[in-house]
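What follows is one structure encoded as structure tokens, with my remarks underneath.
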Amino acid sequence: MESSDATHIHFPSPNDENGMMPIFDKDFLRNLKDIPKEFYWPSEEIVESSKEELRVPVIDLGVLKTGDEAAIAKAAELVRNACIKHGFFQVTNHGVDPNLINAAYQEMDTIFNLPMTKKLIAKKKPGTQEGYAGAHGDRYSSKLPWKETLTWIYDYNKESKSQVVDFFDAFFGGELHRTGLVYQKYCDAVKEFSPLVLELLAISLGVDRLQYVKFYEDGMQLMRCNSYPACVFSDHTLGTGPHNDPTGVTFLHQDQVGGLEVFVDNKWLALHSRPDAFIINIGDCFMALTNGIYKSCLHRVLANKERERKSLACFMNSRVDKAVRPPEALISPQEPRKYPDFTWAEFRDFTQEHHRADPETLDAFVSWIRSSNPPPE
Ligand SMILES: C=C1C[C@]23C[C@H]1CC[C@H]2[C@]1(C)CCC[C@@](C)(C(=O)O)[C@H]1[C@@H]3C(=O)O
Ligand SMILES: O=C(O)CCC(=O)C(=O)O
Ligand SMILES: [Fe+2]
């Protein structure tokens, strides 16, 4: 792993008492003439966009409530075809109030327009996943993503009904209590409709309808607000580098700025979504749960020269100690196990401590666990 020591990569600035400041201060970076080397992505790694679009199916989740088995079967077929190929689809009629989604976007301005000093108080600490991060400048020393993030965990095993509010109070000293109330409602709303998506995925795979609802019901959300400030160096950096989500199922809401791209048939395709839709994409853990039938697909976010882009990424994961293992119905002599048993805790720690999530994360992880536990002679 690159520079993992606690010191930040700093730039000279009056903002910080010892004349230095953390790497990602958009007001400071906006006035630079040249791109700081830490953000520079080698041109061969910024493969040209195809200028084409990935058209993904839009699934009306309402069909699951009608009991119309023909309509459900049709929706399941659309989901299956998309997930076998690239793992992305959109869902509408999810029941999340549009005003709540708008409020979540507005509260991102509240968060990311805080003074840097307050963001630093909320900074993610090494070895944890919750808190503020500026370009991951304290985790990596090159190819930094041009984004600020705020991440928190909403653990379904905990009794508390105010985990998200409590996170905001704990990390921002009560100043963002109202913001916490908005995101508590937002995360509760995603938790409310997510079983419909998991049921549809099970139906599309021909396994027990509650297979994945049960697998994730005592899991958690890893919730992340992404702010991608406008970037004058957009030709030489990325908002988020090419990667597969290591997680289970991602429930993503993006604004209408654009920049999300998916790598399909050797081309980077733009993925636009309706403002009333959530994008659902399969992560590495869910690909393993389907014994590799559904694809966790490479995607990235381009930096934007003119406009800030915002997105709300909710990564659904199982309880950390649960074996990620496909149902027997998806294993056969013709389709043997593609991945060994592992837990989200093991894979999460691999991505946080040993391997920056990228296009090869799951394969690197499998090799890593196999090398640490070679099969008996
Ligand atoms: C488990 C996770 C690691 C990341 C956040 C969640 C799911 C997506 C991962 C990530 C976004 C993939 C690209 C690289 C990464 C470092 C990032 O750009 O933020 C990844 C996240 C992380 O390690 O914090
Ligand atoms: O910002 C987005 O639209 C997606 C970001 C992403 O892929 C991620 O955070 O894993
Ligand atoms: Fe992602």
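Where in the stretch 121-139 is the amide nitrogen less than 12 Å from a point lying 7 Å along the Cα-to-Cβ axis of ARG356? Residues 135-139 qualify, since their backbone N sits under 12 Å from the label point.
Here the extension length gained between GLU53 and GLU346 equals 101.9 nm, from 0.36 nm per residue of separation less the Cα-Cα distance. Here, the stretch 163-287 has an Rg and a Dmax of 17.0, 50 Å when only alpha carbons are counted. Of the two radii for the chain, the radius of gyration is 0.95 times the Kirkwood radius, both from the alpha carbons; that is the Rg over Rh value.
Remark: the stretch 246-377 is approximated by an ellipsoid whose semi-axes, taken from the C-alpha gyration tensor as √(5λ), come to 30, 16, 14 Å, largest first.
If the chain linking ARG370 and ALA323 were pulled fully straight, counting 0.36 nm for each residue of separation and taking away their Cα-Cα distance, it would gain 15.3 nm. Computing FRET efficiency as 1/(1 + (r/R0)^6) for ARG307 and LYS37, where r is the C-beta to C-beta distance and R0 is 35 Å, gives about 0.90. In terms of distances greater than 19 angstrom between alpha carbons, the cross-link table entries LYS118/LYS161; LYS124/LYS147; LYS119/LYS310; LYS124/LYS322 yield LYS118/LYS161; LYS124/LYS322.
Extension gain for the segment LEU210 to VAL257, taken as residue separation times 0.36 nm less the Cα-Cα distance, is 13.3 nm to one decimal.
The modelled label-to-label distance between HIS177 and ASN81, using points 7 Å beyond Cα along the C-beta direction, is 5.2 nm.
Here, each number is a calculation from the coordinates, and none is a lab measurement. All values reported here derive from a predicted model rather than from experimental measurement. We place every Cβ from the backbone using ideal geometry, glycine too, and count neighbours over all the protein chains shown.
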